[in-house]
Structure formats: structure tokens, C-alpha cells
Amino acid sequence: MNGMAWRAATQTSLPAGHAAIRGQRLRVHAVAETEPAPMKIAPTRERLFMLPYDSSKLAFRKDAPERQPVPKNVGLEAKSHFYVDSTCIKCAACEREAPETFGFDADADQWVATAQPETAEGRRAALRAKQCCPTFAIHTSDLQKGEMREALLEYPQATVCEGIYALGPRAYDGFGSASYLITAEGGENLMFDTPRYTPLLAQHIQDDMGGVKHIIISHHDTANDHAKWAKDLRAKRHVHRFDLTEGTLYCEEKRRDMGPWAFKPVTGSVLMFTPGHTEGSMCLLHKPSGALLAGDTLTYDPKLGRLTTNGFTNHGPQSQETLWSTVKRLMMHDWLHIFPSRGFPYHFKDKEERLKMVNEMFVAEGGTPLTEKDLKYFR
């Protein structure tokens, strides 16, 4: 790259927070034209597990003290039991899969086994939770051969919305974020964020679900294993340019404006620019089912009993007000179902309940309540 081209490139307008590293990114463009080969992963029995909150350290094996049951686990005296160790990163994936078995314990400040499964279906749900855990923190005393394979093959798992499926296994690098598969006519299926890469699941999606043509990365936190998925499924990746990092630099489709964009491969879907959690966050509105795939823009917290954006505003230069403004823009569209990356899905009875719960969230989190004009407009 010559001097003139370099100056022109570095003068490109980028939002605050990107200026410090834009030179580094451009240099990467200048010296690398192909995506790096994926790292080789050691066999499972030899693999070390990472300490929670520090992905730079490989600290212990399965038999280490950190992998022993947290005292708050219930039912450990039973011959057949599940338990959670201290490497839980509080992603709540286990409770989403098996609420009868796992729940949050305030004293332990993490999720634990609050009961033991009593039925075959309860055990299958607990095994799905074990399969989903991003830190492999869930254990069982009597795992049978083939049970984890069967649990994995229950995904993609249908949701209450037709055409939307939960993808299950979560990745540590994505902080336990959820991901979804949306099916479309003609095989133009899309993956919204990516699960932990598992060859068996990839083969199952390819053979039994018609594969995936597009991968939408809602923001860089949820971009775990996206290169492996894209290579295996031959899918095109979509990301907003404001969320470009070293990990997402080679995505094929970089959105460059404020949207919204009609996502033509999936009829009735709209991709929306939703800054707040990060500068380049995106959501997907699936109009046929009235569902909002919300990324880390909005979620439901059963402990609070309401919608929330708390915890989603400490990442990057965007403010709480920006995120609230984004939520108000989302209210201009028709959706009655939320599928978030973190937290729990929620299904509204009607627009009035949605409006009431969003307004309650603004009041509870210190925002400006919706005005009468807003209430009238959003109805």
C-alpha cells in the first residue's frame, strides 16, 4: 500500500472507539489476503479447561478441585445425580434447557442443581443442559454411552415460532451466547449467531435441515467458531463494519450503513442496525412469525420478572441512552417474541403487554418513560 492510499484509508470516518485500532486493522488488510487456518484442538481427554472469565489461561483438568460440586447443589446423595462445579459463568443456559433441575442460587452466586430429574424427559433435558454448558461445568454421576450424542442430535430444536430453531451448544468464547437457525424455502437457511462448533451437529444441519447459506453475526461477542461453521457449511457471513475485529475481519458481507435491510433470502426478514451494546450490533426481525432475534439488545430476566437491558451497556463507547433509543426504534416494528443471545426468550400476549413491559423497563432502569404520544404511536 503506497503512502497516498494509506493516508486515504486512515482518514475514513469511523466511530469513536475504533480510531485507536483502525491503523492495526488496515495493516492486517495490507499483509493478509486469506483467512488464517483454524487452530488444531487437542483430543478431549487431553484438553485443559479454562478458568472462568480468563480465556488466556489453561489452568486445570476435569479432576481438579474447581471441577468438584458446589456445596449448594441439591440431591448429591442420590445414586444418580447431576451437579454444577465452580466454573459456571452464569450464562443461564442450563436453566433455559432444564428449569426443573437447574436454577440460580444467590449464596453460591451461580447456577446449581436445585433438584434431580425424576423422569426420562427430565433426564434428557438435564443432558441437553450439560451439552449446552460453555464451560462444561455440568456433570452427572452415571452418564451412559451414547447419551450425549443423543442429546446433541435433539438440536436444532423447534421453538414456539414456526421456522425458528434453537441450536444448543454454547461456546466459552461467546460467553455462553445462544444461537438460532431460521429455515427458508429453497434451502436459503440462515444461522443467527453461531453455537460451539461440533462436527456432528454440522453434519446433522447439513443432511437433515438443508444446510445453511447465511450466518448473521449480531455483534463480535457472539462470533465464536463462525469461521469453522462458514467453512463447513459453505455459508456467507454478515457483520456490520462497526463491529469488525481481528476475528470478524474476513466475513464476506460487511454492512456499511444504518439499515434496515430486507434480507431477501429469507422472505419477510429484516436485518436492523441496533447500536448500544456494541457499535455495530444487529438484530433480525422475522416477520412471518413475529419474532425478534435480539442479540444482546434486549432480554427477559425471570429473577427481575421483566425485560431488561442491564448488563448490555458496559461494552464499548455506546451509552445506555443509545440502547434505549434503539429499543424505541424496534418498537416501531411488529414483533411479539424475543429470542435473545443471553437471558431468556419471552412471548407477549399482544402489543399492549409488549408496550407495558417496555415502559416498565424504562422506568425501572432510570430511563425516560414513554410519553402519551409514544404510547399512541407504538400501538
query: Cα convex hull of region 168-241: how many Å³ per residue?
result: 79 Å³
query: How much of the accessible area of region 157-284, in percent, comes from carbon and sulfur atoms when a 1.4 Å probe is used?
result: 49 percent
- line: For LYS90 the rounded accessible area (nearest 10 Å², probe 1.4 Å, non-protein molecules ignored) is 80 Å²
field: Candidates per GluC sites (Glu not before Pro) in region 213-297, loop by DSSP, up to 14 other Cβ within 10 Å
entry: GLU246, GLU252
message: Between ALA78 and LEU143, what is the label-point separation in nm under the 7 Å Cα-to-beta-carbon projection?
response: 1.8 nm
message: With a 1.4 Å probe and all protein chains kept in place, how much accessible area does HIS333 have, in Å² rounded to the nearest 10?
response: 50 Å²
- prompt: Counting Lys and Arg as +1 and Asp and Glu as -1, what is the net charge of the other residues whose Cβ lies under 9 Å from the Cβ of ARG128?
  reply: 0
field: Cα shape, region 211-274, gyration tensor, a/c 1.5 rule
entry: oblate
message: Suppose the Debye formula is applied to equal point scatterers at every Cα of region 90-217; what is log10 I(q)/I(0) at q = 0.15, 0.19 Å⁻¹?
response: -0.71, -1.07
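If DNA, RNA and ligands are ignored and the probe is 1.4 Å, what is the ranking of ASP109, ASP142 by accessible area, most exposed first?
On the way: ASP109 80, ASP142 45 Å².
Largest to smallest exposure gives the sequence ASP109, ASP142.
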field: Average projected area [Cα convex hull, region 77-160], square nanometres
entry: 5.8 nm²
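Strictly over 24 Å apart at the Cα level, which of LYS213/LYS254; LYS213/LYS264; LYS145/LYS303 would you flag in this model?
Working: LYS213/LYS254 16 Å; LYS213/LYS264 12 Å; LYS145/LYS303 36 Å.
Cα-Cα > 24 Å for LYS145/LYS303; rest within.
Ordering TYR197, TYR172 by how much accessible area each has at a 1.4 Å probe, largest first, what is the list? Each step should come with its number before you reach the end.
Details: TYR197 60, TYR172 30 Å².
Reading off the accessible areas and sorting them downward yields TYR197, TYR172.
Let me spell out the model: positive unit charges on the Cβ of Lys and Arg, negative unit charges on the Cβ of Asp and Glu, origin at the Cα centre of region 188-300. What dipole size does that give, in debye rounded to 20? Display every interim value, and only then the final one.
Working: 13 positive and 14 negative charges, 66 e Å.
Charge dipole of region 188-300: 320 debye, to the nearest 20.
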- request: Enter the accessible area of MET209 (Å², nearest 10), with the probe set to 1.4 Å and all protein chains included.
  value: 40 Å²
task: Taking every pair of alpha-carbon atoms in region 181-292, give the share separated by more than 18 Å as a whole percent.
output: 46 percent
- request: Report relative contact order for region 223-379 in percent, whole number only (criteria: Cα-Cα under 8 Å, sequence separation at least 6).
  value: 16 percent
- request: Sort HIS240, HIS214 by accessible area with a 1.4 Å probe, largest first.
  value: HIS214, HIS240
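Taking the Cα centre of region 215-271 as origin, sum charge times position over the Cβ atoms of Lys and Arg (+1) and Asp and Glu (-1), and report the length of that vector in debye to the nearest 20. Before the final figure, lay out each step's value.
Numbers: 10 positive and 8 negative charges, 53 e Å.
Once rounded to the nearest 20, the dipole reads 260 debye.
The values are calculated or read from the model by the stated rules, or taken from the named source; none is laboratory data. Please read all numbers here as calculations on a predicted model, not as lab measurements. Reconstructed Cβ throughout: ideal geometry from the backbone, glycine too, with neighbour counts over all protein chains shown. These accessible areas exclude ligands, DNA and RNA; they are computed on the full protein's heavy atoms, side chains included. Shrake-Rupley method; radii C 1.70, N 1.55, O 1.52, S 1.80 Å.
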